[in-house]
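> Take a look at this one; I'll ask things after.
The values are calculated or read from the model by the stated rules, or taken from the named source; none is laboratory data. A quick note: this is a predicted structure, and the numbers were derived from the prediction, not measured. Positions of Cβ are backbone-derived with ideal geometry, glycine not excepted, and every protein chain shown enters the neighbour counts.
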Amino acid sequence: MKLVYDFLFILGMLFSCIYIYIFYKSKDKGLHKSILIVYFGLLVFVLLESYASIHNIDILLHISFLPVYGVKLALGPLLLLYIQSLFLEDKIVLKNGLIHLIPFVLFLFIISLPHKIALVSKEYFVDYNNTIQEYLFLKRPLLDVIFLIYIYISFRTFNKFKKALKCNYSSIENNNFIWVKYLLVTPLIVIFVDLFFVAYQLFIGYLEWRTQNMIMLLTSVSICYGVYYGVKQSKVLVPYFLLENSKNNTGERKVINNKLASEFYSLEESLVAFMEQEKPYLDEDLTLNKLALGIHTTDKKLSALLNQHIQMSFYNFVNSYRIKEFKKLVALPSYNDYTIEGIAYECGFKSKASFYRLFKKVTGQSPSEFKISL
């Protein structure tokens, strides 16, 4: 079993270093890549500490101790900051997010550093460290719970951003976010397994083998498995006002409808005319801002029109026109030689999977069934 641990720990560290190198050399630089560099850098130290524990390599244990001892207080916030950095401008993330790393810094200087000094010097902070050791059994489950809380917050934040995307983009590739889901699900599984071991040892009995090695084994496997999607993940900006609107949308809906009803009807006429005459939906990269410029309004007003008056997301609104266009084109003899996917791309769809899913949702038929019924 020791050889298996060695192999997977080294492989996990190697893949983490590959991640770090690729993110560092990436042309698409930004805060999201920097956060991942720090995240996987910490995981290298975590795996290094486990490897050193197996082989009793003191120098490696000394090197890895400080970043690893309270590392869960850093990994959870880093996940949250990473998700925010994918959708928001870097300055907004830094302004509101760095406070989440304060507990890790405090833990480092109040607990980790004195503990290490006491162990090495046998003189300084000894009494202080002995006091801390009395409550050490709480450290592992407490940090696990804090990590779980951050994973939960990260999931909620991710879902909120995905909802906001539909208010700004007409094409959303689900594959773009496989990495984000993976990055959240894998530590969730690892932490639940860790909590199981903690509960077992607290209520049933002490295990003779080092359970932390099994946790690191799962961590190594998850790092190696996720390399493909992590490298491809890109940043997708969401206008900040859309996130603010999502918080206050319910309370403001009645006020907006009463105050701006006539303006909304006028703007709706302009929007429908523009959609039917200019067909902006044929642009697969159409965004809320592009469409707003086309009808000479602001993205905020257009967003309010769609969500409060028409009561459709930008995503669904634009794709409803694309589906209508598909129905029209598929019936024309000039498109008989086109595949269904080819016609869908002509109508502005960017993804085959998204097209099939939306078409089925709107019409109740698959595109093939609709074509046969003509």
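> Within the set of pairs 6 or more residues apart or between chains, which connect a residue that is assigned by TED's automatic domain parsing to the domain that holds C167 and within 18 Å of C347 (Cβ to Cβ) inside segment 282-310 to a residue that is modelled with pLDDT under 90 and buried (at least 18 other Cβ atoms within 10 Å of the Cβ) with Cβ atoms less than 8 Å apart?
Nothing qualifies.
> Taking A118 as the residue in question, decide whether it is touching a residue at least 40 places away in the same chain (Cβ under 8 Å) and either surrounded by 14 or more Cβ atoms within 10 Å (Cβ to Cβ) or under 12 Å from the mean Cα position of the chain (by Cα) (or both). Break it down into steps so the answer makes sense when it comes.
Numbers: touching a residue at least 40 places away in the same chain (Cβ under 8 Å): no; either surrounded by 14 or more Cβ atoms within 10 Å (Cβ to Cβ) or under 12 Å from the mean Cα position of the chain (by Cα) (or both): yes.
No; evaluated as a whole, the condition is false for this residue.
> Could I ask something else about it? Scan segment 321-355 for residues that are part of a helix (DSSP H, G or I), touching a residue at least 12 places away in the same chain (Cβ under 8 Å) and surrounded by 15 or more Cβ atoms within 10 Å (Cβ to Cβ) and report the count.
The initial filter retains those residues of segment 321-355 that are part of a helix (DSSP H, G or I), namely 321-330, 333-335, 340-346, 352-355.
When the remaining residues are screened for being touching a residue at least 12 places away in the same chain (Cβ under 8 Å), the result is 321-323, 325-327, 329-330, 340-341, 343-346, 353-355.
Now drop any that are not surrounded by 15 or more Cβ atoms within 10 Å (Cβ to Cβ), which leaves 321-323, 325-327, 329-330, 340, 343-346, 354-355.
The number of residues fulfilling the criteria is 15.
> When you look at L138, is it closer than 24 Å to H32 by Cα, exposed (fewer than 13 other Cβ atoms within 10 Å of the Cβ) and among the hydrophobic types (A, V, I, L, M, F, W, C), yes or no? Spell out the reasoning first.
Details: closer than 24 Å to H32 by Cα: no; exposed (fewer than 13 other Cβ atoms within 10 Å of the Cβ): yes; among the hydrophobic types (A, V, I, L, M, F, W, C): yes.
Spelling it out, it is not the case that L138 is closer than 24 Å to H32 by Cα, exposed (fewer than 13 other Cβ atoms within 10 Å of the Cβ) and among the hydrophobic types (A, V, I, L, M, F, W, C).
> I need the full set of residues from segment 323-362 which are farther than 19 Å from Y281 by Cα and among the polar types (S, T, N, Q), in order please.
Once the filter is applied, which keeps residues that are farther than 19 Å from Y281 by Cα and among the polar types (S, T, N, Q), segment 323-362 yields S334, N336, T339.
> Considering only residues that are within 17 Å of the chain's Cα centre (by Cα) and modelled with pLDDT under 90, which ones fall in segment 85-95?
The answer is S85, L86, F87, L88, E89, D90, I92.
> Among the helices (runs of 4 or more DSSP H) contained in segment 50-127, which hold 1 or more residues that are in contact with an Asp or Glu (Cβ under 8 Å, 6 or more places away or on another chain)? Explain how you work it out, then say what you get.
Values: elements: 58-69, 72-87, 90-97, 102-107, 113-121.
Here the list reads 58-69, 72-87.
> Could you pull out the residue among K181, K163 that is at pLDDT 75 or above, closer than 18 Å to N316 by Cβ and of a type outside the set (D, E)? Talk me through it step by step, then tell me what you get.
Details: K181 fails: closer than 18 Å to N316 by Cβ.
Checking each option against the conditions leaves just K163.
> Looking at (1) in contact with a helix residue (DSSP H, G or I) (Cβ under 6 Å, 6 or more places away or on another chain); (2) crowded, with 18+ Cβ neighbours inside 10 Å, which one does S313 not meet, given that it meets all the others?
Here S313 clears every test but (1).
> Might you check whether a residue that is of a type in the set (K, R), at pLDDT below 75, assigned to a helix (DSSP H, G or I) and surrounded by 15 or more Cβ atoms within 10 Å (Cβ to Cβ) occurs anywhere in segment 217-236? Reasoning before the result, please.
Of the residues in segment 217-236, the ones of a type in the set (K, R) are 232, 235.
Subset that is at pLDDT below 75: 232, 235.
Adding the requirement that they be assigned to a helix (DSSP H, G or I) leaves 232.
If we keep only those that are surrounded by 15 or more Cβ atoms within 10 Å (Cβ to Cβ) as well, we get none.
Within segment 217-236, none of the residues are of a type in the set (K, R), at pLDDT below 75, assigned to a helix (DSSP H, G or I) and surrounded by 15 or more Cβ atoms within 10 Å (Cβ to Cβ).
> Filter segment 257-287 for residues that are touching a Leu at 6+ places or on another chain (Cβ under 6 Å) and aliphatic (A, V, I, L, M) and give the result. Talk me through it step by step, then tell me what you get.
Quick first cut of segment 257-287, residues touching a Leu at 6+ places or on another chain (Cβ under 6 Å) only: 264, 267, 280.
Result: L267, single match.
> What are the pairs with Cβ atoms under 7 angstrom where one residue, in segment 56-72, is closer than 22 Å to I102 by Cβ and the other, located anywhere, is in a helix (DSSP H, G or I) and among the polar types (S, T, N, Q)? Sequence gap at least six, or different chains.
Partner pairs satisfying both residue conditions: L66/S112; Y69/S112; G70/S112.
> A follow-up question, please. Tally up the residues in segment 270-314 that are in contact with an Asp or Glu (Cβ under 8 Å, 6 or more places away or on another chain) and assigned to a loop (DSSP other than H, G, I, E, B), please.
The qualifying residues number 1.
> Can you name every residue in segment 9-39 that is assigned to a helix (DSSP H, G or I) and either touching a Cys at 6+ places or on another chain (Cβ under 8 Å) or among the basic types (K, R) (or both)?
Initial filter on segment 9-39 (assigned to a helix (DSSP H, G or I)): 9-25, 31-39.
Result: L11, G12, F15, K25, K33.
> Here's something else I'd like to know. Checking the condition in contact with a Ser or Thr (Cβ under 8 Å, 6 or more places away or on another chain) and at pLDDT below 95, which residue from S334, S373, S351 passes?
Working: S334 fails: in contact with a Ser or Thr (Cβ under 8 Å, 6 or more places away or on another chain); S373 fails: in contact with a Ser or Thr (Cβ under 8 Å, 6 or more places away or on another chain).
When all the criteria are applied, what remains is S351.
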